[in-house]
Amino acid sequence: MAQLDVDRLERQIKSVYRDVAETPDEEFHFQMGRPLALNLGYDPDDLRYVPEAAIDSFAGVGYHFDLADIQPRQHVLDLGSGSGMDSFVAALHTTETGRVTGVDITTEQLENARKLAKEGLFHNVTFRRGYIEDLPFEDDSFDVVISNGVINLSADKDAVFAEANRVLRDGGRLAISDIISEEQMPESIKSDADLWAACIGGAMQIDRYTELVERAGFENVEVRENTQYEFISESAANACQKYGVKSISLGADRA
Ligand SMILES: C[S@@+](CC[C@H](N)C(=O)[O-])C[C@H]1O[C@@H](n2cnc3c(N)ncnc32)[C@H](O)[C@@H]1O
């Protein structure tokens, strides 16, 4: 049986998301930027205060700020923060009394996000290099964990949800958007690092996905489908049709 090469996957992820950070106008398997954000339901009023370059490199798959219910003074963690759009939106919700931390592994995304935070005077938003499977934070450090279009890329989703649970305080909130599948995908797709980096190969079957979330210690799990989200390349669209690959948003409470 073909095996996913995780080192190759990491190189591939870093290469794709370096391009997303540096040349967002290029063609990708997925939609990007302001039209995508508006289509997914982002509030145009929020986007007015977000640096334009962060919006240009936005590569999320859904909207979950209603599920996150971020309040002033809260501490928010953004898993796979990319060029920072969601972290900046979160900062508008926590106000300057709260704090937002983004974590990512791609140097060019981190560089973009840090530069934009500095230029936009987002003093309470910081970006850290780190793996979402092994977060560089103490237990109970955050009130809300958000993530957009990232967890499907991880080869160890168990670890991601366990880490999200560990760094959240009791009663903290998880609010994410991600790509899942209805059908179990064949090994030939699951072991293809290119399709994985394009947010398709790593899509987990939805029942198994919510089971992992609950097993990690979350309750009141709610899931909704983001029917507006579509992959644009032909190969991606075909895989989506065949295996029911789609975008969802999920909210849950730390038990
Ligand atoms: C599809 S992009 C989404 C970025 C951002 N959330 C957004 O909505 O624009 C995925 C991001 O996750 C990061 N990433 C992928 N795997 C990761 C991992 N294991 N740990 C940390 N970051 C990761 C990538 O570098 C990339 O910036």
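Rule-based calculations on the coordinates, nothing more; no lab input. Please read these numbers as outputs of a predicted model, since none were measured by experiment. Please note: Cβ atoms are built from the backbone with ideal geometry, for glycine as well, and neighbour counts cover all protein chains shown.
A few remarks follow.
- For Phe218, residues with placed amide H under 5 Å, excluding near neighbours: Ala255
- Karplus-derived 3J(HN,Hα), 6.51/-1.76/1.60, for each residue of segment 50-60, Hz, glycine and proline x: 9, x, 4, 5, 5, 5, 4, 8, 5, 9, x
- DSSP-loop chymotrypsin sites (Phe, Trp or Tyr not before Pro) across segment 42-75, with at most 14 other Cβ within 10 angstrom: Tyr49
- Calculated from backbone phi, Karplus (6.51, -1.76, 1.60) coupling profile of segment 87-93 in Hz, x at Gly/Pro: 5, 5, 5, 4, 5, 5, 7
- Most mobile of Ala203, Ala59, Ala159 in a GNM of the chain (Cα contacts under 10 Å): Ala159
- Derived scalar couplings ³J(HN,Hα) [segment 206-222; Karplus, 6.51 cos²θ - 1.76 cosθ + 1.60; whole Hz; x for Gly, Pro]: 4, 5, 5, 4, 5, 4, 4, 4, 5, 5, 6, x, 10, 9, 6, 6, 10
- Segment 131-188 - charge dipole about Cα centre, Lys and Arg +1 at Cβ, Asp and Glu -1, debye rounded to 20: 220
- The DSSP beta bridges internal to the chain are antiparallel in roughly 40% of cases.
- Close amide H pairs (under 5 Å, H built 1.01 Å from N) link Tyr131 with no residue at least 5 positions away or on another chain.
- Full extension of the segment from Glu225 to Thr23, taken as 0.36 nm per residue of separation minus the current Cα-Cα distance, would add 69.8 nm.
- Segment 107-141: GluC sites (Glu not before Pro) falling in loop per DSSP and having at most 13 other Cβ within 10 Å: Glu138
- Net dipole in debye of the chain [+1 Lys, Arg Cβ; -1 Asp, Glu Cβ; about Cα centre; nearest 20]: 380
- Average projected area [Cα convex hull, segment 58-133], square nanometres: 4.7
- The chain gives an Rg/Rh value of 0.93, both radii derived from C-alpha positions and Rh following Kirkwood.
- Scanning the chain for trypsin sites (Lys or Arg not before Pro) in DSSP loops with at most 12 neighbouring Cβ atoms within 10 Å leaves 74-255 as the longest stretch between them.
- Measuring between their Cα centroids, segment 72-115 and segment 189-231 lie 22 Å from each other.
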